[in-house]
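Derivation of every value follows stated rules applied to the coordinates shown; laboratory data play no part. Keep in mind that what you see is a predicted model, and the values were worked out from it rather than measured. Positions of Cβ are backbone-derived with ideal geometry, glycine not excepted, and every protein chain shown enters the neighbour counts.
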Protein chains: 2
Amino acid sequence: MHIQPTFRVAAAPTPLQPHAETSALLSAMHPAAITLYAAEATIYNLGDAAGALYFIEFGTVRICRLTADGRRQIVAFHVAGDVFGFEAGSEHESYAESVEGAGIRVLRPSLGQEPTSSLLLLALKSLSRTQNHLIVLGRLTANERVASLLLDLAERQGDDRRVHLAMPRNDIADYLGLTFETVSRILRIFKDQGLIRLRSISHIDLLNPDALAELCQ
Amino acid sequence: MHIQPTFRVAAAPTPLQPHAETSALLSAMHPAAITLYAAEATIYNLGDAAGALYFIEFGTVRICRLTADGRRQIVAFHVAGDVFGFEAGSEHESYAESVEGAGIRVLRPSLGQEPTSSLLLLALKSLSRTQNHLIVLGRLTANERVASLLLDLAERQGDDRRVHLAMPRNDIADYLGLTFETVSRILRIFKDQGLIRLRSISHIDLLNPDALAELCQ
DNA sequence: CGACCTGTTGATTCTGCTCAATCAACGTGG
DNA sequence: CCACGTTGATTGAGCAGAATCAACAGGTCG
């Protein structure tokens, strides 16, 4: 097991039983042992050879793309149970970093093997999620974007009343196409409206999920 | 061959030799005969049963998603040679319409068949394209968005100096996360700057592709 | 204890939206 | 053939939402 320095787990590791297609994939692809990544560690970089997939045991991962002048767009956040690393070409067109500390299994494809249906399904789910995010970036207001993120995280974390924001404000902004100041302001607005409670900087109670859902329409 | 009423082809049909993975897919999936669609015709709708894929012989297709209150986001434009219709679940989460008249072959999956690698590759290319569009919507200015569309269309149409805008301004706006007035204004700005020439409402000459490329960084 | 980093808050600016008028292209019916 | 209505595109004026610039607070680490 490879351990990176200054490892720190922000949240308690929450192992998660994988979905049907994920466990099918895990058995088909001979997963490696868990590699531990420190917070802010690079998992793969722009231009790295693609092919392997990554299964998250615990922690949070961000997938990023850059404009030529360095503006960053976070394409996706992945959490425990997710598989990421899909790439159409032979090189990664994005880079992946751990947000908090994370534990990840590398899945290496058996050479010359035809793809399984579970692999295709995972790729298509990724596509569906990404398409959905296009609506967020293209057609929702800043308020609606933040509300949709809170609800999305709540759903993925399996608790519809409490959300753990593993990522800093800046990451949220780069995911939602906003600035971190705007994210901060909108959280405050939601607080003032009694929609949320800021238990701590990274823990938020959703006091009125329905009103939030109403918002992101 | 099924023919829809009031068929009209805006541009001359341009049959295109498919890429390697596409032709592999075509032979593997027993394509149906070409169906002709009139302009603005529905190819599949929200909630329709998914599973089939669609190969474009000629014409342009838009894939759309809606917010709950009816705002539209065009998730992708597809042109001759493209395959679309991928869906993770059993129902379509978006709808597809012809922009101009279009000729399309339906590809029906052989039941119980494992996916081919060419199918996965096409899905991953779709994912890559969609991720790239996230940058456009999340991090580019209005000028940069329009410039990136012009260059993208030029590249896909195989002529780096002339672009055919098959879709109305409103579609461009809903693809780029703008309003149609803004699209119109920016085209005028580009014209005034000598970057483009509006040969007609739907035909644009790129007088300075490099400057446009500079723009979208 | 001081430096640094993240987050919050305020003031101001500006990009792109909204609302509105006008125009051109096209089709229809008198 | 021309008047009229319709639709998409262009252009203008004013406004609003989010960005930018800036100051400051709180927590963490050396």
Every residue from segment B:67-98 that is touching a helix residue (DSSP H, G or I) at 6+ places or on another chain (Cβ under 8 Å), of a type in the set (A, V, I, L, M) and either more than 11 Å from chain A (Cβ to nearest Cβ) or part of a strand (DSSP E or B) (or both): B:ILE74, B:VAL75, B:ALA76, B:VAL79, B:VAL83
Residue list for segment B:45-91, restricted to those being under 16 Å from B:GLY177 (Cα atoms) and touching a residue at least 40 places away in the same chain (Cβ under 8 Å): B:ARG62, B:CYS64, B:ARG72, B:GLN73, B:ILE74, B:VAL75, B:ALA76, B:PHE77
Single unsatisfied condition, A:LEU46 versus (1) in contact with a Ser or Thr (Cβ under 8 Å, 6 or more places away or on another chain); (2) surrounded by 15 or more Cβ atoms within 10 Å (Cβ to Cβ); (3) under 23 Å from A:ASP171 (Cα atoms): (2)
Extreme residue, nearest to B:ALA213 (Cα to Cα), among residues of segment B:99-155 that are among the basic types (Lys, Arg) and away from every other protein chain (no Cβ under 13 Å): B:ARG105
In segment B:164-178, the residues that are under 13 Å from B:ARG72 (Cβ atoms) and touching a Ser or Thr at 6+ places or on another chain (Cβ under 7 Å): B:MET167, B:ALA173
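Look through B:ARG156, B:ARG145 and report the one residue that is within 30 Å of B:HIS203 (Cβ to Cβ) and buried (at least 21 other Cβ atoms within 10 Å of the Cβ).
Values: B:ARG156 fails: buried (at least 21 other Cβ atoms within 10 Å of the Cβ).
Only one candidate passes the filter, namely B:ARG145.
For the structure I just gave you, tell me whether A:LEU140 is surrounded by 20 or more Cβ atoms within 10 Å (Cβ to Cβ), of a type in the set (A, V, I, L, M, F, W, C) and more than 16 Å from DNA strand D (Cβ to nearest atom).
On the way: surrounded by 20 or more Cβ atoms within 10 Å (Cβ to Cβ): yes; of a type in the set (A, V, I, L, M, F, W, C): yes; more than 16 Å from DNA strand D (Cβ to nearest atom): no.
Spelling it out, it is not the case that A:LEU140 is surrounded by 20 or more Cβ atoms within 10 Å (Cβ to Cβ), of a type in the set (A, V, I, L, M, F, W, C) and more than 16 Å from DNA strand D (Cβ to nearest atom).
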